[in-house]
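Below is one structure, written out as structure tokens; comments come after it.
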Amino acid sequence: MQATTHAPRAADLFHQGLEHRTGAALLRFGAARPRPADRISWTVDGAAAWLDDGRGHVWAVGEPDAAAGLVLRAAQRLPDRVREFTGPRGTETLVARHLAVTDIVEWIFRWTLEEPPVQRGEDRVIVLDESHHDEIRTFLAEHSPAHSTGPGSADVSLWAGIRGTDGRLVACGAMSSLRDSGAPLMASVATDAAQRGQGLGAALTSWLTRHAVRHHGFCTLWQLADNTPADRLYTRLAYRNEDPCVSARLIAH
């Protein structure tokens, strides 16, 4: 297939009912159902993909072989605009047969429609405002350097935290949103390294989840595939585990 400078016409990502299949919740929650007129997207039988043009990121869901085909189509048609992708597990291997990929990370997209069981310590959670941004930034730098979002991000609607008896921050987390759909996305939950194992993360995660479900009807999050403690916590809090994903960058030639 020859590369072209013309963007493909936006497709209706929902015409197959794919978003209701197990493993396609990322489409259900991650793509806005009212189709943006300028969204670039592609569909084939068993898969759908759309471009986050600001990041140069293609999101693909469905069967790995079909999803990989859409990633390749996007990269070949828009070589100067597609730099990375997320797809169902296995997509990276199929794409790598044709294009060089790097920075492969395995994730799980998790979601819940239910308020979780109340966790011990939830009553200690407080809302943090802009006056606390420097404190949050310092806390994340020390206890979660790889955090996904930080104070001042336009996608964040709420920061929450827990303080110790001395008034210092011992846990914090954000309610962010998925870029295309605006769906609530829990992010940057972190606890003081010296106080882990005391249920602070569970209390904060439960509180944020409850907030999202009450205000939006659901909550979503990303989990690293090899994070066993997080897996146990999210399962306990009723998060569904059906969408094993992989993200990777394309190596420019």
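The values are calculated or read from the model by the stated rules, or taken from the named source; none is laboratory data. Source: prediction; values computed, not measured. As a convention, Cβ positions derive from the backbone with ideal geometry for all residues, glycine included, and neighbour counts pool all protein chains shown. Side chains are part of the model used for accessible areas, which takes the heavy atoms of the whole protein and leaves out ligands, DNA and RNA. Shrake-Rupley method; radii C 1.70, N 1.55, O 1.52, S 1.80 Å.
General remarks:
- One residue stands out among those in the range 51-73 that are over 21 Å from the mean Cα position of the chain (by Cα) and closer than 22 Å to Pro244 by Cβ: the one that is surrounded by the fewest Cβ atoms within 10 Å (Cβ to Cβ), which is Asp65.
- Qualifying residue in the range 180-188 (condition: hydrophobic (A, V, I, L, M, F, W, C), touching a Lys or Arg at 6+ places or on another chain (Cβ under 6 Å) and open to solvent by less than 50 Å² (accessible area, probe 1.4 Å)): no
- Residue satisfying all of: in the range 3-49; of a type in the set (Ser, Thr, Tyr) and assigned to a loop (DSSP other than H, G, I, E, B); modelled with the lowest pLDDT among these: Thr4
- Top-ranked residue of the range 203-236 - restricted to ones that are surrounded by fewer than 21 Cβ atoms within 10 Å (Cβ to Cβ) and among the hydrophobic types (A, V, I, L, M, F, W, C), ranked as nearest to Arg110 (Cα to Cα): Trp222
- Going through (1) within 21 Å of Arg232 (Cα to Cα); (2) out of contact with any Phe, Trp or Tyr (no Cβ under 7 Å at 6 or more places or on another chain) one by one, Cys172 falls short only on (2).
- Test: residue in the range 95-108 that is in a helix (DSSP H, G or I), at pLDDT 95 or above and buried (at least 22 other Cβ atoms within 10 Å of the Cβ): yes
- Arg196 vs. criteria at negative phi and modelled with pLDDT under 95: yes
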